[in-house]
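Right, one structure below, let's go through it.
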Amino acid sequence: MSRVWRVAAASMVLSLSASIAAAQEVDPIGALLEQSQTPPTPAAEAIPISPPPQAPAAPVSTSPPPYTPPPVYNPPAAVQAPLPYTPPAYSPPVYTPPPYAPPAYVPPRPRRPQLTAPVHIDEIGKTPEAPPTATDLSYEARMRSSFNSAQGMQGPLDGAWSLKAGGSELYDLQLVDSGSGNLEGAWRDPRRRGATDASGFIDTISRIGGQLIIRLTPRPGAEPTVITLNPDSSGGWSGDLTERGDRRSVTMRRN
């Protein structure tokens with residue numbers, strides 16, 4: 001048995017050495033070239049592929065397209081009206097009356113005196129009014145103070161004057177002397193009290209040096225009356241009056 005294995009192993013070694021020797025003799029590059037030049041086998045040739053069958057073309061229709069109606073307009077749903085306003089329940093405020101305070105006592109004004117005859121404007125001692133109150137007296141004091149302040153700015157001839165001849169009064173004069181040199185005034189004839197033409201404005205008043213000349217018209221259409229006066233030592237004025245051609249001596253004093 002061992003002999004058989006030996007013979008087989010020897011033969012295998014020989015065949016292996018022979019195949020190695022044959023492999024060494026073969027050129028690998030040449031083998032590759034030979035394989036590339038080997039004609040293809042019939043199995044490797046291209047097989048013709050037939051195209052897939054095409055579906056038949058659809059027939060062309062010459063009829064118009066079907067009518068498609070426009071979309072139907074659906075108006076929006078109506079807006080829901082607001083709910084009616086329900087005011088809150090009214091609760092009247094609670095009135096709390098103020099504490100009672102009795103009014104201050106105001107003494108009544110004295111009753112007016114019962115007059116039996118009308119009071120004229122020149123009756124200074126009488127008055128149809130009740131006695132003046134403290135408010136009336138304060139107002140009168142302010143008025144007198146304002147008058148005195150304005151009077152202090154006037155000239156020396158400003159104020160009321162009385163023209164007399166002897167003991168009889170001829171004219172009452174009210175002169176306005178603003179201190180700027182211009183004089184004006186009015187007159188009244190006490191001899192004709194109540195007559196409509198017994199008073200009027202003085203025509204002219206002029207000063208020439210220390211002399212004062214007053215010209216007035218006592219009646220409409222009559223000759224003017226001319227009064228020429230000069231200052232005297234008593235603080236008044238004295239001179240002459242020419243009226244209707246008559247000339248008399250006169251004096252003028254503050255009224």
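Output the residues belonging to the stretch 167-179 that are open to solvent by 30 Å² or more (accessible area, probe 1.4 Å) and touching a residue at least 24 places away in the same chain (Cβ under 8 Å). Across the stretch 167-179, the qualifying residues are Ser178, Gly179.
Scanning the stretch 182-216 for residues that are assigned to a loop (DSSP other than H, G, I, E, B), open to solvent by 50 Å² or more (accessible area, probe 1.4 Å) and among the β-branched types (Val, Ile, Thr) gives a single hit, Thr196. Kindly check whether there is at least one residue in the stretch 143-151 that is at pLDDT below 75, open to solvent by less than 90 Å² (accessible area, probe 1.4 Å) and not in a loop (DSSP other than H, G, I, E, B). Yes, the stretch 143-151 contains at least one residue that is at pLDDT below 75, open to solvent by less than 90 Å² (accessible area, probe 1.4 Å) and not in a loop (DSSP other than H, G, I, E, B). Among the residues of the stretch 187-231, those identified as over 17 Å from Asp158 (Cα atoms), at pLDDT 90 or above and of a type in the set (Asp, Glu) are Asp189, Glu223.
A single member of Val176, Val226 is touching a strand residue (DSSP E or B) at 6+ places or on another chain (Cβ under 8 Å), closer than 27 Å to Asp122 by Cα and aliphatic (A, V, I, L, M), and it is Val176.
The values are calculated or read from the model by the stated rules, or taken from the named source; none is laboratory data. What you see is a predicted model, and the numbers here were worked out from it, not measured in a lab. Because the Cβ atoms are built from the backbone with ideal geometry, glycine has one as well, and the counts that use them run over all protein chains shown. Only protein heavy atoms, including side chains, enter the accessible area calculation; ligands, DNA and RNA are left aside. Shrake-Rupley method; radii C 1.70, N 1.55, O 1.52, S 1.80 Å.
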